[in-house]
Amino acid sequence: MATLRILTAGESHGEALIGIVEGLPSGLSLVADRDIDPVLAERQKGYGRSHRQTIESDKAEILSGVRFGVTTGAPIAVRIKNKDWKNWTEKMSVTPTETDVARVTVPRPGHADLAGAIKYDHTDDLRNVLERASARETAMRVALGAVCSKLLSEVGIGSVSFVRSIGPVVVDEHRRPASVDDLRSTVSSSAVRMFDAAATESACALIDQAKKDGDTLGGIVQTEFYGLPIGIGSHVQWDRKLDGLLAQSVMSIQAVKAVEIGDGISLAMNPGSADHDEILLQDGRLTRASNHAGGLEGGMTNGMPLIVRAAMKPISTLMRPLRSVDLSSGEPVAAHIERSDVCAVPALAIIVEQVVATTLAAAILDTFGGDTLAELQQRIDARRAKEVRRS
Ligand code: EPS
């Protein structure tokens with residue numbers, strides 16, 4: 001069993017999202033409005049979101065595991081209220097009701113609707129599936145990820161995330177700001193979390209066009225983590241390999257269809273001499289001449305920045321719907337239409353960053369243990385000392 005575990009619960013238009021993170025050490029300073037809410041606000045940004053984001057203003061409430069602003073080592077429970085609940089109370093009632101609310105019986109291609117309905121016997125009302133499958137759940141994954149990011153920052157690990165592409169619009173790598181701090185502030189002020197102003201403008205125009213066409217757009221995001229000690233994860237067993245764990249957690253994010261570490265797929269197209277990152281000794285420290293591997297070798301961190309990319313398919317609710325079948329009548333009809341986003345790729349960047357933070361925190365605790373933050377810090381410092389080599 002992993003040292004750190006998370007669970008989420010809640011429906012998109014239910015009363016609240018609930019999350020639990022269990023296994024964090026004691027002694028971590030944690031305050032919701034300082035450490036979690038700003039990250040939730042970043043996730044809510046992005047051109048192309050639905051009207052829903054003007055209803056919600058996500059705030060995390062810490063319900064347990066923290067006293068006087070410091071973790072105790074007990075499970076941390078978090079709640080985020082859905083403000084839209086007041087408009088959906090009748091439709092989402094948890095108690096038996098006489099009201100025959102509008103049922104959804106036409107699945108959307110690309111959504112969990114069909115498989116979930118067949119699997120759980122909900123063909124008479126797909127809302128029982130779509131409410132939980134909704135990407136609203138990612139608000140809680142981000143909240144729990146922000147808790148884990150706080151732990152990472154206390155052991156000298158920082159991160160950034162941005163959008164590489166939306167539809168066919170791709171950022172120009174030459175326009176990437178040189179420092180991570182500049183990168184962070186540039187992407188945070190872009191409407192679509194891109195560091196390239198020209199690409200931001202093209203992406204926004206593309207989103208406008210997709211909206212007019214009743215269509216949706218996907219894209220590719222990237223997150224990077226700095227300051228990771230060598231040897232998080234392990235080469236010795238398949239289910240301890242960090243690249244495998246990252247692929248699993250990032251693939252589990254709604255609408256993600258591919259995960260790439262470092263140069264990923266393009267590594268397969270070059271000879272080994274061009275792909276592998278030569279090992280150098282610089283000022284007594286082991287380092288690399290390049291980082292095509294994205295900071296992972298043999299299922300372990302190698303001391304270089306961790307680079308993870310994720311590809312998101314376009315949102316499956318189309319205002320100009322594709323063909324489907326009404327599961328109650330068996331008739332061919334147009335797919336169900338539900339209020340939705342045109343593009344949520346900027347939000348995905350934050351979600352991937354925080355999901356990776358959660359996976360890294362879990363792997364760090366599995367690798368180093370530590371019941372208190374101070375113990376964990378000591379063990380990581382000891383590992384970092386082993387990275388120094390005298391020539
Ligand atoms: C979503 C559909 C939209 C999104 C939602 C995810 O919700 P609604 O149907 O209420 O407009 O806004 O995302 C969020 C609410 C959020 O906070 O990210 C879906 O079907 O996945």
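Once every DSSP H run of n ≥ 4 in the chain is given -39500 (n - 2.57) and the sum is divided by its residues, what mean residue ellipticity at 222 nm do you get, rounded to the nearest 500 deg cm²/dmol? Walk me through the numbers on the way to the answer.
Details: 13 runs with 130 residues, N = 391.
-10000 deg cm²/dmol, from helical runs alone.
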Item to check | Cα coordinate range in segment 231-274, projected on the principal axes (Å, largest first) | outcome: 32, 31, 14
Checklist outcome for this item: With label points set 7 Å from each Cα along the Cα-to-Cβ direction at Ile118 and Thr372, the distance between them in nm comes to 5.5 nm
Item to check | Proximal lysines relative to Lys212, as straight alpha-carbon distance under 20 Å, when same-chain residues fewer than 8 apart are discounted | outcome: Lys313
Item to check | Entries in Lys59/Lys83; Lys59/Lys150; Lys45/Lys211; Lys81/Lys257; Lys45/Lys81; Lys83/Lys119 that, when Cα-Cα distance is taken, lie over 22 Å | outcome: Lys81/Lys257; Lys83/Lys119
Checklist entry - Using the Kirkwood formula over every pair of different C-alpha atoms, what hydrodynamic radius in Å results for segment 161-266? => result 15.9 Å
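Keeping the other protein chains in place, figure out the carbon and sulfur percent of the accessible area of segment 1-105, with a 1.4 Å probe.
Details: 3140 of 5590 Å².
About 56 percent, which is the carbon plus sulfur part of the accessible surface.
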Next on the checklist: Kirkwood Rh over alpha-carbon pairs of segment 61-213, then Stokes-Einstein at 37 °C and 0.692 mPa s: what D in µm² s⁻¹, rounded to an integer?
Outcome noted: 165 µm²/s
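Using only alpha carbon positions, build the gyration tensor of segment 243-391, then give the equivalent ellipsoid semi-axes as the square roots of 5 times its eigenvalues, largest first, whole angstrom. Kindly include the intermediate steps, with their values, before the conclusion.
Values: eigenvalues 358, 87, 26 Å².
Rounded to whole Å, the semi-axes are 42, 21, 11.
Sort 296-307, 247-258, 167-178 by the packing proxy (mean of other Cβ within 10 Å over each peptide's residues), most packed first.
On the way: 296-307: 20.8, 247-258: 16.9, 167-178: 13.9.
Answer by packing, highest mean first, reads 296-307, 247-258, 167-178.
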Checklist outcome for this item: Candidates Ile261, Ile232, Ile55; GNM for the chain (alpha-carbon contacts under 10 Å) flags as most fluctuating Ile55
Checklist entry - Which whole-percent values make up P(r) of segment 46-114 when all C-alpha to C-alpha distances are grouped in 5 Å steps starting at zero? => result 3, 11, 12, 12, 18, 15, 13, 9, 4, 2
Checklist outcome for this item: By the Cα gyration tensor axes a ≥ b ≥ c (a/c under 1.5 gives rounded; else a/b larger than b/c gives prolate, otherwise oblate), the shape of segment 142-212 is oblate
Next on the checklist: Could you work out how much longer the chain between His276 and Ser185 gets when fully extended? Use 0.36 nm per residue separation minus the Cα distance between them, nm to one decimal.
Outcome noted: 29.6 nm
Next on the checklist: Need the C-alpha centroid separation for segment 162-230 versus segment 1-80, integer Å.
Outcome noted: 25 Å
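Convex hull over the alpha-carbon atoms of segment 1-90: what's its volume per residue in Å³?
Working: hull volume 10.4 nm³, N = 90.
Residue-normalised Cα hull volume stands at 115 Å³.
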Item to check | Computed over segment 278-363, Cα set: Rg, Dmax in Å | outcome: 22.0, 72
Next on the checklist: Please compute, over every Cα-Cα pair in the chain, the percentage with a separation greater than 28 angstrom.
Outcome noted: 50 percent
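Enter the accessible area per residue of segment 154-269 (Å², integer; probe 1.4 Å; all protein chains in place). Working shown, then result.
Working: 5470 Å² over 116 residues.
I get 47 Å² per residue for this part.
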Checklist outcome for this item: Diffusion coefficient in µm²/s returned for segment 92-153 by Stokes-Einstein, Kirkwood Rh over C-alpha pairs, 4 °C and 1.567 mPa s, is 94 µm²/s
Item to check | Cβ charges +1 (Lys, Arg) and -1 (Asp, Glu), total dipole of the chain, debye | outcome: 360 debye
Item to check | Calculated P(r) of segment 253-324 - Cα pairs past 17 Å, % | outcome: 58 percent
Item to check | Compactness relative to 2.2 N^0.38 Å, alpha carbon Rg of segment 194-319 | outcome: 1.30
Next on the checklist: Within segment 143-298, what whole-number % of the accessible surface is contributed by carbon and sulfur, with the 1.4 Å probe and all protein chains included in the calculation?
Outcome noted: 54 percent
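The values are calculated or read from the model by the stated rules, or taken from the named source; none is laboratory data. Just so we're clear, the structure is a prediction, and the values are computed from it rather than from any experiment. Every residue, glycine among them, receives a Cβ derived from its backbone with ideal geometry; neighbour counts consider all protein chains shown. For accessibility, only protein heavy atoms count, side chains too; no ligands or nucleic acids. Shrake-Rupley method; radii C 1.70, N 1.55, O 1.52, S 1.80 Å.
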